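Novice: Pasting in a structure now, in structure tokens, and then I'll have a few things to ask.
Only the coordinates and a few stated rules stand behind these numbers; no lab work does. All figures in this text were calculated on a predicted structure; none of them were measured in a lab. Here the Cβ positions follow ideal geometry from the backbone for every residue, glycine too, while neighbour counts run over all protein chains shown.
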Amino acid sequence: RPASSAWSQAALLGIAAALLVIGAILLLGAPIPDSSPKPHASLGFALKGLLASPYGAIAEEVELRVFAMGLFAWLLSRLAGKQAKPWVMIAAIVLAALLFGAGHLAMAAKLVPLTAGVVARVVAYNALAGLVFGWLYWKRGLEHAMLAHFSADLVLHVAAPLMA
């Protein structure tokens, strides 16, 4: 059983990932132009974010870490002579993070036309968080990746709209 500090680390890394995404948004622009919630709608956005956060934390982590990252690691280890070398896991984390980012394009397409800039920002911002979740999955396990994802979603989809 992981020490309680490992759980705290996962939650803090999730919060850090969210802050990294917020920093990237402030520096490079919102992934979807003019997507900031209006003050009167902030509570509604936060409530929807709260209700959606468990989905991301559970379903997306199982899909992306267990299945996608596991598949990439297995395929790459076959290329590496059937040895699980660190570069295999790092490459699997990066590939799964990019897939994680691309997985958010369908929702973006419902909101705005997918221009090159929108695609680049949606994939990049989500991939930043996906790198953190992938590393946690590799080093601590699925539950820690789920906790980090949930923590990040609470910051991005609940706290941020309330502070807007």
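Novice: Which of Ala160, Gly130, Leu51 sits farthest toward the positive end of the charge dipole of the chain, with +1 on the Cβ of Lys and Arg and -1 on the Cβ of Asp and Glu?
Specialist: Gly130
Novice: Rounded to whole Å and sorted largest first, what semi-axes of the equivalent ellipsoid does the C-alpha gyration tensor of the chain yield via the square root of 5 times each eigenvalue?
Specialist: In descending order the semi-axes read 28, 19, 12 Å.
Novice: Considering the dipole of the chain built from charges on the beta carbon (Lys and Arg +1, Asp and Glu -1) around the Cα centre, which of Ala17, Ala109, Pro33 is farthest to its positive end?
Specialist: Positive-most Cα among the choices belongs to Ala17.
Novice: Aspartates and glutamates near Lys110 by alpha-carbon distance under 17 Å, same-chain residues fewer than 8 away left out - which ones?
Specialist: Lys110 reaches Asp34.
Novice: Also, quick follow-up: If you put +1 on each Lys and Arg Cβ and -1 on each Asp and Glu Cβ, how big is the dipole of the chain around its Cα centre, in Debye rounded to 20?
Specialist: Charge dipole, the chain, about its Cα centre: 360 debye, nearest 20.
Novice: Still on this structure, I have one more. So how far apart, in nm, are the two label points at Ala24 and Val62 if each is 7 Å from Cα heading toward Cβ?
Specialist: Computed distance between label sites Ala24 and Val62 equals 2.6 nm.
Novice: Follow-up question, since we're still on this one. When the chain is treated as a GNM, springs tying every alpha-carbon pair under 10 Å, which of Leu75, Leu27, Leu99 comes out with the largest mean-square fluctuation?
Specialist: In this elastic network of the chain, the residue with the biggest mean-square fluctuation among Leu75, Leu27, Leu99 is Leu27.
Novice: Name the helices (complete DSSP H segments) of the chain with a Cα length along the long axis of 15 Å or more and a Kyte-Doolittle mean of at least 0.5, or state none.
Specialist: 4-28, 42-55, 86-102, 116-139, 142-154
Novice: Sort 130-140, 105-115 by the packing proxy (mean of other Cβ within 10 Å over each peptide's residues), most packed first.
Specialist: Peptide ranking by packing, descending: 130-140, 105-115.
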